[in-house]
Amino acid sequence: MKTIDFLNFSGKRALVRVDFNVPLDDKFNITDDNRMQGALPTIEKILNDGGSVILMSHLGRPKDGPSEKYSLKHLVKHLSFLLNRDVQFADDCISEDAMKKSKALKPGEVLLLENLRFYKEEEKGDEIFAQKLAQLGDVYVNDAFGTAHRAHASTAIVAKFFPDAKYFGYLMASELANAEKILHHAEKPFTAIMGGAKVSDKIELIEKLLEKVDNLIIGGGMAYTFAKAQGGRIGKSLVEEDKLDLANNLISKAKEKGVNLILPVDSVIADAFSNDANTEIAPNNNIKESWMGLDIGPESIKRFGDIIGNSKTILWNGPMGVFEMKKFESGTKAIAEAVVKATKNGAFSLIGGGDSAAAVSKFGFSDDVSYVSTGGGALLEYMEGKELPGVKAINS
Ligand code: AMP
């Protein structure tokens, strides 16, 4: 893998695609800077070599060009603090001003470009836009794993203008190495824990995992589609009516392949989708008419925990319940604790990005698992066996 370790950046201007899509509050304060922290080792290596850095990223999903809400200028102060030096800002990513500032960069200096998605051309993967971006640097580095599954101008297309000068950043490299470990070198028993809202989002991954895992634990909202498919009464729980056959199919496939598929046996049920709802514990296949399952129950926690405790490799994607609400966080928290314990006992644990990463961070366990991925969709697609455009662009 061609990482930035292959190059001494002395005297070079590195155009680095990072994922600085951080959450901001109403006053534009950064509420979680994990993504910025993740890119620091790459930026620091280039600066320490005596290179300069032009950072480009998206922020949010701006619809109609520039807007205050999605401006990356809100990140300048914190980035200056993290890098312990002034960070310059170009308020248009392909303007004359951006070009002038990038040309004038001296070794050790950093320039942050305004939100790439203020131009529609970014998401369209426009070649002329990519070429303009390319003029800003001598070398291209991609360290944005979170958007590696997109063939956008800055994540993939721009690479063609650097045929001999394109590299993976450290974050990208470690994301790929950890995903690879799960995909091709998993020590057995290998357990995947799938949760979250919908089966439909994760069918391809579940099918792929059936080829590899010993145990497949399914929790969260998606488990009720399985319960209903098996003839259970699920009340008003989340269900995808058009995926009932698919759920039964997956159950049969697991049997055929000798995979131990474990579904919840009980749930925390509620009479409303609210933290103030009345709650009870009920069997997963016998939920009262107007109630809904919002978390896995104590018996399911125990069964899942036992399996996790005996595993040597663990992949977890998607919460076990509506963990955002205190009343329904216990299942997700207990599973996080089981994963932490297994990790302490020598298992390798990879937490998929998005909501599972948010949950692990909410409970303060991010440092107690083997790896927390920064990629949601990107990790899923990689695990499904797809070639990520951002990765292909550097490798080809
Ligand atoms: P996903 O993005 O598919 O991983 O889904 C994550 C979301 O699923 C979170 O916001 C959870 O609140 C939600 N979720 C998990 N379990 C349930 C459930 N039993 N009913 C409704 N939503 C759920």
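The values are calculated or read from the model by the stated rules, or taken from the named source; none is laboratory data. What you are looking at is a predicted structure, and each value in this text was computed from that prediction instead of being measured. With ideal geometry, Cβ positions are generated from the backbone for all residues, glycine too; neighbour counts draw on all protein chains shown. These accessible areas exclude ligands, DNA and RNA; they are computed on the full protein's heavy atoms, side chains included. Shrake-Rupley method; radii C 1.70, N 1.55, O 1.52, S 1.80 Å.
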Test: S370 is hydroxyl-bearing (S, T, Y) and either closer than 30 Å to Y167 by Cβ or touching a Leu at 6+ places or on another chain (Cβ under 7 Å) (or both): yes
Test result for L82, at pLDDT 95 or above, over 21 Å from K166 (Cα atoms), assigned to a helix (DSSP H, G or I) and not charged (D, E, K, R): yes
Members of the stretch 178-197 that are farther than 11 Å from L350 by Cβ and open to solvent by 30 Å² or more (accessible area, probe 1.4 Å): H184, H185, E187, K188, P189, A197
Odd one out for D245, checked against (1) buried (at least 23 other Cβ atoms within 10 Å of the Cβ); (2) not in a loop (DSSP other than H, G, I, E, B): (1)
When residues of the stretch 349-372 are limited to those that are closer than 18 Å to F190 by Cα and in a loop (DSSP other than H, G, I, E, B), the one nearest to the ligand (Cβ to nearest atom): G352
Number of the condition not met by K302 [criteria: (1) assigned to a loop (DSSP other than H, G, I, E, B); (2) without any contact (Cβ under 8 Å) to a residue 24 or more places away in the chain; (3) within 30 Å of F273 (Cβ to Cβ)]: (1)
Matching entry among A148, A144 (being of a type in the set (G, A, S), in contact (Cβ under 8 Å) with a residue 40 or more places away in the chain, crowded, with 17+ Cβ neighbours inside 10 Å and in contact with a helix residue (DSSP H, G or I) (Cβ under 6 Å, 6 or more places away or on another chain)): A148
Number of the condition not met by I94 [criteria: (1) farther than 30 Å from K362 by Cβ; (2) open to solvent by less than 20 Å² (accessible area, probe 1.4 Å)]: (2)
Odd one out for G220, checked against (1) touching a Gly at 6+ places or on another chain (Cβ under 8 Å); (2) away from the ligand (no atom under 12 Å from the Cβ): (2)
Among the candidates E280, E256, residue that is within 30 Å of K188 (Cα to Cα) and either more than 15 Å from the ligand (Cβ to nearest atom) or surrounded by fewer than 17 Cβ atoms within 10 Å (Cβ to Cβ) (or both): E256
Residue within the stretch 288-309 that is of a type in the set (S, T, Y) and away from the ligand (no atom under 16 Å from the Cβ) present: no
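Going through L350, L379 one at a time, which residue ends up being farther than 28 Å from E299 by Cα, assigned by TED's automatic domain parsing to the domain that holds K302 and either at pLDDT 95 or above or surrounded by 19 or more Cβ atoms within 10 Å (Cβ to Cβ) (or both)? Step through it out loud before you land on a result.
Working: L350 fails: farther than 28 Å from E299 by Cα.
The conditions single out L379.
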Output for the stretch 117-147, where each listed residue is aliphatic (A, V, I, L, M) and within 29 Å of P107 (Cβ to Cβ): A130, L133, A134, L136, V139, V141, A144
Count of the stretch 248-260 residues which are of a type in the set (A, V, I, L, M, F, W, C) and either outside any helix (DSSP H, G or I) or not assigned by TED's automatic domain parsing to the domain that holds A197 (or both): 1
